[in-house]
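Read through the structure below, which is laid out as structure tokens, and then see the notes.
The values are calculated or read from the model by the stated rules, or taken from the named source; none is laboratory data. Small disclaimer: the values here were computed from a predicted structure and weren't measured.
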Amino acid sequence: MTIVPLTSPARRKRSRWPVDVYADFAPMLAEFDKLMTQPEVSARRSNGHGIDLYETVEGLVLEMAVPGVKAEQIDVSIEGRQLTVRGASEHVTQEAAQERRYWLQGITRGEFVRTIAVPSGVKADDISATVTDGILRVVMPKAPEAVARKIAVAQADGTARVQADGTSRVQSAERHIGAEAATEGAPQA
């Protein structure tokens, strides 16, 4: 048995349709195939500044390529769970652009903005950012996880209490109050 692709000429000949419906979709499907086979290339091309986001034991780290951009040209801010990196690289002046005859132009210049959703659990007050050799490194320390602990629970009428150690004790409020009154009048040993 042979498998004949839907878009093959042999299948199109046997079709009862007078038009080739697959021809209209072929360019779109080809572009889709390119996106699916090379996702890392399309992600890098989105604004010219490649990004790595990874987790370490200490926290979350974002590394972003910012070639030719100085630290004072970059602004990093966090609002809620959105980390935003803004910056600008040097523009080529109009005079310089007119004097040049580009054969290939691939350097990203101008302003850029990149917003990343970060998971909850980072300490926003302790985030730090540095630029070294054209790489912006933003370190977001993890917030300490909540520690499990037992909480004492008492009923409003005072008849039952759950101790901090997890055991429960049933007592009536009157008996408890009566016991306190009896110990107040009793002589100390």
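Looking at the structure I just gave you, is E72 assigned to a helix (DSSP H, G or I) and modelled with pLDDT of 90 or more? Yes.
Assess whether Q98 counts as being more than 33 Å from the chain's Cα centre (by Cα) and modelled with pLDDT of 75 or more. Judged against the criteria, Q98 is a match.
In the condition set (1) at pLDDT 90 or above; (2) of a type in the set (F, W, Y); (3) outside the structural domain of I135 (by TED's automatic domain parsing), Y54 is compliant with all but (3). Could you count how many residues in the stretch 66-114 are of a type in the set (S, T, Y) and closer than 18 Å to H49 by Cα? Count: 4.
The condition (being at pLDDT 90 or above and small (G, A, S)) is satisfied by just one residue among S128, S120: S128.
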